[in-house]
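Below is one structure, written out as structure tokens; comments come after it.
The values are calculated or read from the model by the stated rules, or taken from the named source; none is laboratory data. Since this is a predicted model, take the numbers as computed values, not measurements. As a convention, Cβ positions derive from the backbone with ideal geometry for all residues, glycine included, and neighbour counts pool all protein chains shown.
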Amino acid sequence: MISTAYERTSLILTTNLPFEQWTEVLGSERLTGAALDRLTHRCHIIEANGESFRLQDARKRAPARQGQAKAANQPVKQATQSTEIKES
């Protein structure tokens, strides 16, 4: 895909991994080098530092989910009807 798009069209790629860790994903230093060579030639690298919006949102929702999980794990109290029989 990268070689097909190289110098023909724009390509936007997002990742949370630094270039040094790409070999772990792609599995080959040679492949990683070729991919990075094409991707970084005539490019603009925009580095966004800080906490991601998805992570912030997940943390906001976590307390609500924990409350739901606790409620789901609580035993349901069933109403029982007892009849008392007195002997005379």
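For region 21-48, the set of residues classified as surrounded by fewer than 10 Cβ atoms within 10 Å (Cβ to Cβ), more than 17 Å from the chain's Cα centre (by Cα) and either over 30 Å from Ser3 (Cβ atoms) or at pLDDT below 90 (or both) consists of His41, Arg42, His44, Ile45, Ile46, Glu47, listed by residue number. Checking each residue in region 6-31 for being without any contact (Cβ under 8 Å) to a residue 12 or more places away in the chain and in a helix (DSSP H, G or I) picks out Glu20, Gln21, Thr23, Glu24, Val25, Leu26, Glu29, Arg30, Leu31. Scanning region 5-20 for residues that are at pLDDT 85 or above, within 15 Å of Asp37 (Cα to Cα) and either of a type outside the set (D, E, K, R) or touching a Pro at 6+ places or on another chain (Cβ under 7 Å) (or both) returns Pro18, Phe19.
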